[in-house]
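To keep things clear, I will list the structure first and then write my remarks on it.
The values are calculated or read from the model by the stated rules, or taken from the named source; none is laboratory data. These numbers come from a predicted model, not from an experiment. No Cβ is skipped: glycine too gets one built from the backbone with ideal geometry, and neighbour counts run over all protein chains shown. To get the accessible areas, we keep the full protein, side chains included, count just its heavy atoms, and leave off ligands, DNA and RNA. Shrake-Rupley method; radii C 1.70, N 1.55, O 1.52, S 1.80 Å.
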Amino acid sequence: MSLAPLARIPKAELHLHIEGTLEPELAFELAARNGVTLPYADTEALRQAYLFDDLQSFLDLYYALMAVLLTEDDFADLADAYLARAAEQGVRHAEIFFDPQAHMARGVGMGTVVEGLTRALARSEERHGISTKLIMCFLRDQSAESAMETLRAAEPYLDRIVGVGLDSAEVGNPASKFREVYAAAGELGLRKVAHAGEEGDPSYVWEALDVLGVERVDHGLRSMEDPKLVERLVRDRVPLTLCPLSNVRLRTIDVLEDHPLRAMMDAGLLCTVNSDDPAYFGGYVGDTFHAVHEALGIDPERVRQLARNSFEASFLDGSEEDEARRARYLAEVDAYEF
Ligand SMILES: Nc1ncnc2[nH]cnc12
Ligand SMILES: [Zn+2]
């Protein structure tokens, strides 16, 4: 089924875990290729497991399924499959997270992951019409020492990694735990983002801003609970990478109709809409645009604003190539007819 024009508006996707794009069909294909046995009879049985109570119940399955990702080819195929789907959803630029610690813990090296992913990313513009950047995330439920070792392991690959992020179980693992590793990442010239305010209260967002110095907040959903925080985010034009379908599936909100996206836009926040882990949460980013249009009455002009915001909030930089891309993408958004 092809997507409605509103859903296919040109956009950047800024909050996307590549491991969260592993569709059941590809999981079984890779399992067969690698001789891995999955504890599910078939793709349908696996899909039935996608009923989550909270972030942790999702993370348990998300980490378990990574067992099928072993070789450079696996990571290249995973990324290429995502990029093909993203192109159908109007994505022109994608900033992609990956979780090296989850792979290194299974004996899969940083080099295998980065070489595999970047093989797909390097040909993405030609093959799918999507420019890309890669962001390495630290797992916040692991130690600060482990994060620092991961940063060191990434040093040979920093020509292909634009920034660092922070993901996994939020509550009880505040950003301040990672002060030193973010300072070290900054010294290496890496951009900084972090998940904050997904399940955690506004103090998690404050710490991401003030202790880690992030330029963009991933989720930031609970920011609206603190008017001073909203004031700060608006004043500094800090982008939020919201993921409405994820919030419903992980039960941070009950139904999409309760999502604060409209109120957040009205408050002057620089909101973007993204898919997070689309294989698990029932939709890719175009599907998410469609869903917020239907559930929240996000009309075509707000959709255009969200698309513009996505390019403004991106890490497309001041280089000649990126300036040209940004100008081209924004012109496409302005000229887009619904
Ligand atoms: N929504 C999410 N929150 C935290 N960590 C994640 N890792 C993958 N998806 C995530
Ligand atoms: Zn996420």
**Fill in**
From DSSP H assignment alone, runs of 4+ in the chain each adding -39500 (n - 2.57), the sum over residues rounded to the nearest 500 puts [θ] at 222 nm at -13500 deg cm²/dmol
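If packing is taken as the average count of other Cβ atoms within 10 Å, what order do 332-338, 262-268, 159-165 fall into, highest mean first? Mind showing how you got there, number by number?
Working: 332-338: 13.1, 262-268: 14.9, 159-165: 19.7.
By packing density, highest mean first, the sequence is 159-165, 262-268, 332-338.
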**Message:** Per-residue counts of other Cβ atoms within 10 Å, averaged by peptide: what ranking do you get for 116-122, 180-186, highest first?
**Reply:** 116-122, 180-186
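With the convex hull built on the Cα atoms of the chain, state its orientation-averaged projected area in nm².
Computing the convex hull of the Cα atoms and averaging its projections yields 15.7 nm².
Pairs of alpha-carbon atoms within less than 8 angstrom and 6+ residues apart define the contacts here; what relative contact order does the range 9-333 have, in percent? Kindly include the intermediate steps, with their values, before the conclusion.
Working: 551 pairs, mean separation 66.7, N = 325.
Contact order relative to length: 21 percent.
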**Message:** Need the full-extension length gain, R119 to E180, defined as separation in residues times 0.36 nm minus the C-alpha distance. One decimal, nm.
**Reply:** 18.9 nm
**Request:** Multiply the residue gap between L188 and F338 by 0.36 nm, knock off their C-alpha separation, and tell me the result in nm, one decimal place.
**Result:** 49.7 nm
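Can you work out the accessible area per residue across the range 9-333, with the rest of the protein chains kept in place, probe 1.4 Å, in square angstrom?
Working: 12020 Å² over 325 residues.
About 37 Å² of surface per residue is accessible.
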**Message:** Using each residue's phi in the range 224-233, evaluate 6.51 cos²θ - 1.76 cosθ + 1.60 at θ = phi - 60° and report the 3J(HN,Hα) Karplus result to the nearest Hz, with x for Gly and Pro.
**Reply:** 5, 6, 10, x, 5, 5, 4, 4, 5, 5
**Prompt:** Just how many % of Cα pairs in the range 221-332 lie over 20 Å apart, if you round to the nearest whole percent?
**Reply:** 44
**Request:** Quick one: pull the percent of accessible area on the range 9-333 belonging to carbon and sulfur, 1.4 Å probe, ligands and nucleic acids left out.
**Result:** 47
**Full-stretch length increase - A45, A84 - with 0.36 nm per residue and alpha-carbon distance subtracted** = 11.5 nm
